[in-house]
Amino acid sequence: METLFIAPNLWTIAEKVEKGERLTAEEGIRLYQETNLAAVGFLADRVRRRLHSDIAYYVVNLHLSYSNVCFAGCPFCAFGKFPDDPDAFEYDVDGYLRQLERMMWDRVTEVHIVGGLHPDLPFDYYLNLVRAVKDAYPTIHLKAFTAVEVQYFSELSGYSVEKVLEKLKEAGLDALPGGGAEVLSDRLHRILFPKKASPQQWLNVHRTAHRMGIPSNATLLYGHIEIIEEKVHHLDQLRRLQDETGGFLCYIPLAYHPENTQLGGRRTTGVADLREVAVARLMLDNFPHIKAYWISLQPKLAQVALSFGADDMDGTVVNEKIFHMAGAPSPNQLTEDELRKMAQEAGFRPVRRNSHYQPLEEPAAIS
Ligand code: V47
C-alpha cells in the first residue's frame, strides 16, 4: 500500500476497499477529485485482481448497424442522421444479411446490432431482422437494441416494454447493449437528449429485461458538459438497480468524441479516461466486469486501463460507426492476435470469452 502514503485523502477509502466495503457517493466524489490518479488506479487494480486475477477478457464479435436514420438529433452524436441526409443509410433485412455474411467468419460468437430512432420502420422490421439473423446464424449471441430503441419500439407498437422484449426474445435476441444511458440525469436529459428515453425509462427497460432473464450492459457518456456529482449519481443508480436484479454483465465508460457533432468541444484526456475506469471499478462493487472499450479509448490507453480496474477489452469489433463518425482515430478492427498481445504486454493473460463471460479457453501462462 506504499502508493497511498502520498495520497492521505484516500486512506479511509483504501481501508474500505481492502475490507470489501461499499463506498458512499461522497467517497465517489473524492475519487473524482483526487489528483493522485496512480493511487486511485492502485486501489481499482486491487479490486480488479481480487475479482479477475490477471485475466483480460475479449470476445470475437462484429458490429453492424441496421440504419443511422434517427429523429432524435442529439447534439453530441455524429452517427444519427435525418432521413434526407446524404450520409443516412439503412438496410432492408435481406441487405443486412448480405452485409453480415460478408463480414462473418467462423470464430465470431457475438453480433452487436444498434441503430437510431427511425421514423418510418415498423416494429415488425426489427423482429424480422432478429429472426433472420438468428435463422442464418443460430449459435451467434445477439446483443441488440439499446434501452432507448426498446422504449421507442414500445411507443411505436403500442406494446408494453415487457411485451416488446418478450417478442424480441422469442425472435432470438439474447442481450441488450449498454448504450443510450448517456448520463442518468434529468438535467442532462433535458439539454442533451430530450427526444430519447428518460433516465427513469432507461432504467425501467433494463429492470424489465433483467426480470425476464435478458442480461444487459450499462454505459456512461462522459467528457462533455456533465459534472462530477451527476456521474456519481449515475453510478449510484446503476449500483442500486444491480442490487435489485443482478442482471448487468458489464459497465463501459464511453469518452465523448466531439468531431462532426453539433455540441463540439474537446476530446477527453488520458487522465480523465483512466479515472473513469478506476472510479467505476471502485464504486460499482456489484458489477462483475468493467470494459476498456478500445474504440473509445484507443488501443494504447485500453491496454493501460487493464491496470486501472478494467478486466475486459470488448473484442475484434469490425465496422464500428458511432465513434468513428465522431472522429475516433482508433482502427476499425483489431485481430485476436493484436488483442492478445495488448493484454500480454501489459502483464495480463488474455482469455477469449463468450458473451456471458464464460471462458472459451484455459488462460495460458504468461510468456
Ligand atoms: O449510447 C454517441 C455513445 C453509445 C458519441 O454494451 C458517443 O457492449 C462518444 O453503447 N462520442 C453507443 N460516444 C455505444 C455503446 C456500446 C459500445 C460498445 C459496446 C457496448 C456494449 C455498448 O455511444 C451511445 C452514446 O452514449 N455516443 N455519440 C460521441 N460523439
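Throughout, read-outs are computed from the coordinates displayed, never taken from laboratory work. All of these numbers come straight from a predicted model, not from anything done at the bench. Here Cβ is always computed from backbone atoms with ideal geometry, including for glycine, and neighbour counts include all displayed protein chains.
Identify the single condition in (1) closer than 25 Å to V108 by Cβ; (2) more than 14 Å from the chain's Cα centre (by Cα); (3) surrounded by fewer than 21 Cβ atoms within 10 Å (Cβ to Cβ) that P288 does not satisfy, given that it satisfies every other one.
Looking at each condition in turn, P288 falls short on (2).
Answer yes or no: is there a residue in the range 158-181 that is closer than 23 Å to D314 by Cα, surrounded by fewer than 18 Cβ atoms within 10 Å (Cβ to Cβ), away from the ligand (no atom under 16 Å from the Cβ) and among the polar types (S, T, N, Q).
no
For residues that are of a type in the set (A, V, I, L, M, F, W, C) and either surrounded by 21 or more Cβ atoms within 10 Å (Cβ to Cβ) or within 15 Å of the ligand (Cβ to nearest atom) (or both), tally how many sit in the range 53-93. Reasoning before the result, please.
Taking the range 53-93 and keeping what is of a type in the set (A, V, I, L, M, F, W, C), we get 55-56, 59-60, 62, 64, 69-72, 74, 76-79, 82, 88-89, 93.
From what is left, the residues that are either surrounded by 21 or more Cβ atoms within 10 Å (Cβ to Cβ) or within 15 Å of the ligand (Cβ to nearest atom) (or both) are 56, 59-60, 62, 64, 69-70, 72, 74, 76-79.
Adding up the residues that qualify gives 13.
State whether one or more residues within the range 266-287 are within 15 Å of the ligand (Cβ to nearest atom) and at positive phi. Steps first, please.
Applying the first criterion (within 15 Å of the ligand (Cβ to nearest atom)) to the range 266-287 yields 266-269, 272-273, 276-277, 280, 284, 287.
Those left that are additionally at positive phi: none.
Within the range 266-287, none of the residues are within 15 Å of the ligand (Cβ to nearest atom) and at positive phi.
Do you know which of the residues in the range 206-231 that are under 16 Å from the mean Cα position of the chain (by Cα) and assigned to a helix (DSSP H, G or I) is farthest from the ligand (Cβ to nearest atom)?
K231
List the number of the failed condition for R48; all other conditions in (1) within 30 Å of K341 (Cβ to Cβ); (2) of a type in the set (D, E, K, R); (3) surrounded by fewer than 17 Cβ atoms within 10 Å (Cβ to Cβ) hold.
(3)
All but one of (1) crowded, with 23+ Cβ neighbours inside 10 Å; (2) more than 20 Å from V47 (Cα to Cα); (3) touching a strand residue (DSSP E or B) at 6+ places or on another chain (Cβ under 8 Å) hold for H356; which doesn't?
Unmet condition: (1).
Taking the residues in the range 104-134 that are without any contact (Cβ under 8 Å) to a residue 12 or more places away in the chain and either part of a strand (DSSP E or B) or charged (D, E, K, R) (or both) as candidates, determine which candidate is nearest to the ligand (Cβ to nearest atom).
First pass over the range 104-134, keeping only residues without any contact (Cβ under 8 Å) to a residue 12 or more places away in the chain: 105-106, 124.
In the following step, the residues that additionally are either part of a strand (DSSP E or B) or charged (D, E, K, R) (or both) were identified as 106, 124.
Numbers: D106: 22, D124: 24 Å.
Looking at residues that are without any contact (Cβ under 8 Å) to a residue 12 or more places away in the chain and either part of a strand (DSSP E or B) or charged (D, E, K, R) (or both), I get D106.
Taking the options S185, S198, name whichever one is surrounded by fewer than 19 Cβ atoms within 10 Å (Cβ to Cβ), at negative phi and more than 11 Å from the ligand (Cβ to nearest atom). It would help to see each step written out before you state the result.
Details: S185 fails: surrounded by fewer than 19 Cβ atoms within 10 Å (Cβ to Cβ).
Step by step, each of S185, S198 is checked, and only S198 is surrounded by fewer than 19 Cβ atoms within 10 Å (Cβ to Cβ), at negative phi and more than 11 Å from the ligand (Cβ to nearest atom).
A quick yes/no check of all residues on (1) closer than 28 Å to K163 by Cβ; (2) within 19 Å of the chain's Cα centre (by Cα):
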site: N68; (1), (2): yes, yes
site: D85; (1), (2): no, no
site: F89; (1), (2): no, no
site: R98; (1), (2): no, no
site: M103; (1), (2): no, no
site: V111; (1), (2): yes, yes
site: Y125; (1), (2): yes, no
site: A132; (1), (2): yes, no
site: T139; (1), (2): yes, no
